[in-house]
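Undergrad: Just dropping this structure here.
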Amino acid sequence: MERRTLFNGRLLPAVLVLPQLAITILFFILPAYKAFAESVRATDAFGLHTSFVGFANFLHLARSNLYQHAMIRTGVFCVAVTVLAMAAGLVLAVFADRAIKGRAIYRTLLIWPYAIAPAIASVIFVFLLQPQIGLITNLLGRLGIDFDYATNGGQAFLLIILIAAWKQVSYNFIFYVAGLQSVPRSVIEAATLDGARGFHRFRTMIWPLLTPTTFFLIIVNFVYAAFDTFALIFALTAGGPGTATETLVVKVYRDGVINLDLGGSAAQSVILMAIIVGLTAIQFRYTGKRAVS
Amino acid sequence: MATLELQGLAKRFGKTTVLHGVDLALTDGEMLVIVGASGCGKSTLLRLVAGLEEPSAGRILLDGVDITGRDPARRDIAMVFQNYALYPHMSVFDNMAYGLKLKGMKRPEIARKIEEAADTLGLSALLGRKPRELSGGQRQRVAMGRAIVREPKLFLFDEPLSNLDAKLRVQVRADIRKLQKRLKVTSLYVTHDQIEAMTLADRLIVMHEGRAAQIGAPTAVFDKPADRYVASFIGEPAMNFCSATLIAGGTAARLDAGPTVDLPDGARAGADDTRITIGIRPQHALLSTGADAMPLTVELIEPLGSETLIHGRLADGSEFMLRVAGPAPAAETIKISLPAHYLHVFDAESGKRLEPLTPALSAPAMP
């Protein structure tokens, strides 16, 4: 049941809501408005002259090969990160669910990566994979694999996928552990007595019962991969080499802050906003509070 | 159809022993009910047979074959769970078909079997529904259907009626018994409800603290409870117990509450002044005006319609309950007598039943 607190008068509720409202306006509404406003203008690199250009910025994006490539790249990146991170989270959760001894330790350790700041995670991987001095780079070198993410675009792209996925595994793990625990034990036992074993039992009984969790996680992972990986990518490759790791969020930053195309960058932000609104709407529409609670 | 034999089946969880070695043999088609209070080990026993728990000691033989270590999926046993454990994402049809598909049965045959079972259980109109769209009674029937279509060697029931309301319970209880008799499937049935146990069982096993306190036909257990625990557990309302001492060479007992009662079915072993417990069921004690009658101070009267329950205390302060036909006499103190052939004699210390040394003439059958 939903509990509602009732207040008398209007002043107290207003005062209580004000700080949250102020934060929302200052950090969300206002920047969003600025993005909208900028997206229909063109400003010169020095910020001295601004003119209204209508949808020219958007039209330019629609015709831009670079932007289309970034979009496809981001799509591939999102799918890869989501699949990898969710599969790993699920496998680990299944094992954690089966573990009898050391269950608590196992779970706690698996949650740790989530507590690492994205930029720090990148730094850790730089230590491991730095083209000249990285530990893993050296090992790979001995195996005859020439690993250099700073010059090899494919390797750089693969690397950010792996790191982004690694970072998100914990999150998926927690939700899958909770999901597995909510599968009634007796249902699994009934299936066992019906003759189901091993993977078949998982596929026909547990996996379908995890559907709400899976759907929820797909949306969350997609949003994470698309929007939350900026710090990680920027700290590791800054979008390079070339544009090999330039996802849409990285491109917004590069175009706007580095190349000073404020209008074009703002237009990209608006598109991203539309995408995120769409994804959130889907999530609320189909899972709402169900998957979380 | 099969026989089941348990040999010294024991289960320990860490340092706690839940089951102290149970021996049991079920004949083909027999319905054996395991009854006991919560925590007596009855569910553990069932789960061991199903293979959902591993025994710490002992063997399980199904049709003479040792299945103790066998994977539960390969035991050919069906279980009806307390919460039914229906597969929530599957329709009623698919719930029943799941086990059959795993057996590798062909689709048309699966459909035929399910039609048949659904017909028996009145589920034909519900085959397309999901479990969440069913009432409690319907879910229970689906759980039954899922068990019977498999035609397993053994049925296990884990308190299958405890989630139903009282009225439905009586009906489903009868349905289960009829079905089991018709299908002649060997069954183990766990319950904490002694009425369920009495009505369903060919034989019942009363469990107490991880041991089989008594195994026998329901009437035998009712008429000759093996110890005080069984005596108090089986029968509603519960049996009265009066402290007493053995006198007259074991042929009579002096109650702490005053009067002396004869033990007409024969002398009990034990020197005079041995402490014993005399038990009598509330419906067997009588209102009396005779010279040997003892006073009972009435504390509470519960009218049940055609009968009345009288709660009171005897002269030694012990509680006593009486069930009489018709209304209770309007008096603060009434006089009662204990008919000799309805008395149960237990050792005061061990609680074990004391049988007569040389059985006298057969005691009259007890109602």
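Undergrad: Among the numbered criteria (1) more than 14 Å from chain B (Cβ to nearest Cβ); (2) small (Gly, Ala, Ser); (3) under 25 Å from the mean Cα position of the chain (by Cα), which one does A:GLY179 miss?
TA: Going through (1) more than 14 Å from chain B (Cβ to nearest Cβ); (2) small (Gly, Ala, Ser); (3) under 25 Å from the mean Cα position of the chain (by Cα) one by one, A:GLY179 breaks only (1).
Undergrad: Picking from B:ALA25, B:ALA50, which residue would you name as being away from chain A (no Cβ under 14 Å) and aliphatic (A, V, I, L, M)? Let's see the steps before the verdict.
TA: On the way: B:ALA50 fails: away from chain A (no Cβ under 14 Å).
Every option except B:ALA25 fails the conditions.
Undergrad: Considering only the range A:183-205, state which residues are closer than 18 Å to B:TYR84 by Cβ and more than 8 Å from chain B (Cβ to nearest Cβ).
TA: Matches in the range A:183-205: A:VAL183, A:ARG185, A:ILE188.
Undergrad: Just checking, how many residues over the range A:22-36 are surrounded by fewer than 11 Cβ atoms within 10 Å (Cβ to Cβ) and within 15 Å of A:MET273 (Cα to Cα)?
TA: 2
Undergrad: Being hydroxyl-bearing (Ser, Thr, Tyr) and open to solvent by 10 Å² or more (accessible area, probe 1.4 Å) is the filter here, so list the residues in the range A:215-255 that pass it. Talk me through it step by step, then tell me what you get.
TA: Step one: filter the range A:215-255 for residues hydroxyl-bearing (Ser, Thr, Tyr), giving A:224, A:229, A:237, A:243, A:245, A:247, A:253.
Listed by number, the residues that qualify are A:TYR224, A:THR237, A:THR243, A:TYR253.
Undergrad: Scan the range A:16-26 and tell me whether some residue there is polar (S, T, N, Q) and touching a helix residue (DSSP H, G or I) at 6+ places or on another chain (Cβ under 6 Å).
TA: No, the range A:16-26 contains no residue that is polar (S, T, N, Q) and touching a helix residue (DSSP H, G or I) at 6+ places or on another chain (Cβ under 6 Å).
Undergrad: Residues to consider are A:LEU158, A:LEU143, A:LEU162, A:LEU180; find the one that is surrounded by fewer than 20 Cβ atoms within 10 Å (Cβ to Cβ), modelled with pLDDT under 90, more than 30 Å from B:ILE148 (Cβ to Cβ) and hydrophobic (A, V, I, L, M, F, W, C).
TA: Within the list A:LEU158, A:LEU143, A:LEU162, A:LEU180, the selection yields A:LEU143.
Undergrad: Quick one: in the range B:82-92, which of the residues that are under 16 Å from A:LEU193 (Cβ atoms) and open to solvent by less than 10 Å² (accessible area, probe 1.4 Å) is farthest from the other protein chains (Cβ to nearest Cβ)?
TA: Here the answer is B:TYR87.
Undergrad: Looking at (1) under 30 Å from B:GLU332 (Cβ atoms); (2) open to solvent by less than 10 Å² (accessible area, probe 1.4 Å); (3) touching a Gly at 6+ places or on another chain (Cβ under 8 Å), which is the one condition that is false for B:GLY250?
TA: All conditions are met except number (1).
Undergrad: Could you check the range B:261-304 and list, in sequence order, the residues that are farther than 14 Å from B:SER318 by Cα, open to solvent by 70 Å² or more (accessible area, probe 1.4 Å) and touching an Asp or Glu at 6+ places or on another chain (Cβ under 8 Å)?
TA: B:ARG275
Residue-wise test of (1) touching a Leu at 6+ places or on another chain (Cβ under 8 Å); (2) modelled with pLDDT of 90 or more; (3) in a loop (DSSP other than H, G, I, E, B).
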site	(1), (2), (3)
A:THR5	no, no, yes
A:LEU26	no, yes, no
A:LYS34	no, no, no
A:ILE72	no, yes, no
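Undergrad: Can you confirm whether the range A:215-225 contains a residue that is within 14 Å of chain B (Cβ to nearest Cβ) and over 30 Å from B:MET105 (Cα atoms)?
TA: Within the range A:215-225, one or more residues are within 14 Å of chain B (Cβ to nearest Cβ) and over 30 Å from B:MET105 (Cα atoms).
Undergrad: Oh, and also: Restricting to the range B:93-129, give me the number of residues that are part of a loop (DSSP other than H, G, I, E, B), closer than 26 Å to A:ARG197 by Cβ and either open to solvent by 70 Å² or more (accessible area, probe 1.4 Å) or away from chain A (no Cβ under 14 Å) (or both).
TA: 2
Undergrad: Go through (1) within 14 Å of chain A (Cβ to nearest Cβ); (2) under 30 Å from B:LEU127 (Cα atoms); (3) open to solvent by less than 10 Å² (accessible area, probe 1.4 Å) and name the single condition B:MET31 misses.
TA: (1)
Undergrad: Among the residues of the range B:151-164, count how many are within 10 Å of another protein chain (Cβ to nearest Cβ) and open to solvent by less than 10 Å² (accessible area, probe 1.4 Å).
TA: 2
Undergrad: Residue check: is B:LYS101 among the basic types (Lys, Arg), at pLDDT 90 or above, in the same structural domain as B:PRO152 (by TED's automatic domain parsing) and closer than 19 Å to A:PHE202 by Cα?
TA: Yes; evaluated as a whole, the condition is true for this residue.
Undergrad: For the range B:130-139, how many residues are assigned to a loop (DSSP other than H, G, I, E, B) and under 30 Å from the mean Cα position of the chain (by Cα)?
TA: Going through the range B:130-139, the residues assigned to a loop (DSSP other than H, G, I, E, B) turn out to be B:130, B:134-135.
Pick out the ones that are also under 30 Å from the mean Cα position of the chain (by Cα) and you get B:134-135.
Matching residues across the range B:130-139 total 2.
Undergrad: Another question, if that's okay. Select the strands (runs of 3 or more DSSP E) contained entirely in the range B:140-228, then report the ones holding at least 2 residues which are under 19 Å from B:LEU45 (Cβ atoms) and more than 11 Å from the chain's Cα centre (by Cα).
TA: B:154-158, B:186-191, B:211-216
The values are calculated or read from the model by the stated rules, or taken from the named source; none is laboratory data. None of the values given here were measured: they were computed from a predicted structure. Note that we place each Cβ from the backbone using ideal geometry, even for glycine, and neighbour counts take in every protein chain shown. Side chains included, ligands, DNA and RNA excluded: accessible areas come from the protein's heavy atoms. Shrake-Rupley method; radii C 1.70, N 1.55, O 1.52, S 1.80 Å.
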